[in-house]
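Right, one structure below, let's go through it.
The values are calculated or read from the model by the stated rules, or taken from the named source; none is laboratory data. Please read all numbers here as calculations on a predicted model, not as lab measurements. Ideal geometry is used to build each Cβ from the backbone, glycine not excepted, and the neighbour counts take in all protein chains shown.
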Amino acid sequence: MWRQIFGTTLLAGTMDIVAACTQAYIQNSVSPDTVLKYVASGLFGEQAYQGGFAMALAGLLLHFTIAFACVAIFFALYPKFKVLHHKIALNALIIAVVAWSVTQLAIVPLSKIGPSAVGIKKMLAAMGILFLCIGLPIAYSARRYFEKDRVGSQP
């Protein structure tokens, strides 16, 4: 199972950070290293923006750590809750809403980033990215893993 979790983390985390960097560049001409330093600023504060490659790498590692937590938690919950066995799109939506909520209500307030204004447009864009890039890969991967496991264990 860990192999599936790590593979899903790599896929979902990569899709999410590429989408975030693309969105930041298109909307505000923000470079990918600045996006990664923003992530790092949650741990290192404003000094993250003065850092170079190492700080961008720290942001990338933090990003993948959060993606790993999303994947691992969903994989742990999937076999315990039969309601998760029905619709991939619904699971992806649940994952997106939970990931956004945890980020906005716990991670950002506890980080050194500080509060930020969240308008409806920004929230919907973030939810869309989370749905497509985090939710769908995790939901599909878990379904595939556990269905294969269930089918493979039948006599």
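Remarks
- Restricting segment 17-47 to residues that are without any contact (Cβ under 8 Å) to a residue 12 or more places away in the chain and of a type in the set (Ser, Thr, Tyr), the residue that is surrounded by the fewest Cβ atoms within 10 Å (Cβ to Cβ): Ser29
- For segment 142-149, the count of residues that are in a helix (DSSP H, G or I), closer than 27 Å to Lys37 by Cα and modelled with pLDDT of 90 or more is zero.
- Residue within segment 82-99 that is surrounded by 12 or more Cβ atoms within 10 Å (Cβ to Cβ), among the polar types (S, T, N, Q) and closer than 22 Å to Met15 by Cα present: yes
- Residues that are in contact with a Gly (Cβ under 9 Å, 6 or more places away or on another chain), at pLDDT below 90, assigned to a helix (DSSP H, G or I) and surrounded by 12 or more Cβ atoms within 10 Å (Cβ to Cβ), drawn from segment 101-141: Ile107, Val108
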